[in-house]
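Colleague: Dropping the structure in here first, questions after.
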Amino acid sequence: MIWLPVLGLIIGAAIGFIANVNIPVAYSSYLSIAILAALDTVLGGVRASLEKSFDATVFLSGFFFNTLLAALLAYIGEQLGVDLYLAAVVAFGVRLFQNIAIVRRVVFGRIGKRHGKEAERAEVEA
């Protein structure tokens, strides 16, 4: 279940590369911020799954809400002549790195526990 969001991300990226859709330059900032928001949500889902607190409703609502909010922020900033999308880039970037760090700690912690249990079994058997 933990790899489901990652699998969806990989499949979506593969479809994107195969489909070869050209995005107009005018929409590139919207798309980039939406992709960043989506990646943040996927990594948050992986983190929640590892922490055994994953909720599909929270995941899906967060995915769409964060993506739309980020695109709306970029649009409003463009209308005002201010690079507001940079605020979203910083916020989602920080959250991405935090989620990656937590996922890494949880995974390595579990690997360490497995190796510790294997070492204990080997000592008991010896």
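Colleague: Hey, does segment 11-25 have a residue that's surrounded by fewer than 18 Cβ atoms within 10 Å (Cβ to Cβ), in a helix (DSSP H, G or I) and touching a residue at least 40 places away in the same chain (Cβ under 8 Å)?
Modeller: Within segment 11-25, none of the residues are surrounded by fewer than 18 Cβ atoms within 10 Å (Cβ to Cβ), in a helix (DSSP H, G or I) and touching a residue at least 40 places away in the same chain (Cβ under 8 Å).
Colleague: Now for a different question. Quick one: in segment 86-102, of everything that is more than 10 Å from L36 (Cβ to Cβ) and at pLDDT 90 or above, which residue is surrounded by the most Cβ atoms within 10 Å (Cβ to Cβ)?
Modeller: N99
Colleague: Among A38, A74, which is modelled with pLDDT under 85, in a helix (DSSP H, G or I) and either under 20 Å from R104 (Cβ atoms) or under 15 Å from the mean Cα position of the chain (by Cα) (or both)?
Modeller: A38
Colleague: Something else: Is there a residue being in a helix (DSSP H, G or I) and closer than 14 Å to I100 by Cα anywhere in segment 50-63?
Modeller: Yes, segment 50-63 contains at least one residue that is in a helix (DSSP H, G or I) and closer than 14 Å to I100 by Cα.
Colleague: Then there is this: Do we find that Y30 is aromatic (F, W, Y) and under 19 Å from A13 (Cβ atoms) in this structure?
Modeller: In short, yes.
Colleague: Out of everything in segment 57-76 that is β-branched (V, I, T) and in contact with a helix residue (DSSP H, G or I) (Cβ under 9 Å, 6 or more places away or on another chain), what residue ends up being surrounded by the most Cβ atoms within 10 Å (Cβ to Cβ)?
Modeller: By that ranking, first place goes to T67.
Colleague: So D83 fits all but one of (1) surrounded by 12 or more Cβ atoms within 10 Å (Cβ to Cβ); (2) part of a helix (DSSP H, G or I); (3) not hydrophobic (A, V, I, L, M, F, W, C); what number is the exception?
Modeller: Among (1) surrounded by 12 or more Cβ atoms within 10 Å (Cβ to Cβ); (2) part of a helix (DSSP H, G or I); (3) not hydrophobic (A, V, I, L, M, F, W, C), D83 violates only (2).
Yes or no, residue by residue, for (1) touching a residue at least 60 places away in the same chain (Cβ under 8 Å); (2) in contact with a helix residue (DSSP H, G or I) (Cβ under 7 Å, 6 or more places away or on another chain); (3) of a type in the set (S, T, Y):
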| residue | (1), (2), (3) |
| --- | --- |
| E78 | no, no, no |
| L84 | no, yes, no |
| V89 | no, yes, no |
| V94 | no, no, no |
| V103 | yes, yes, no |
| G109 | no, no, no |
| G112 | no, no, no |
| G116 | no, no, no |
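The values are calculated or read from the model by the stated rules, or taken from the named source; none is laboratory data. Everything numeric in this text was worked out from a predicted model, so none of it was measured. Don't worry about glycine lacking a Cβ; one is built from the backbone with ideal geometry, like all the others, and counts go over all protein chains shown.
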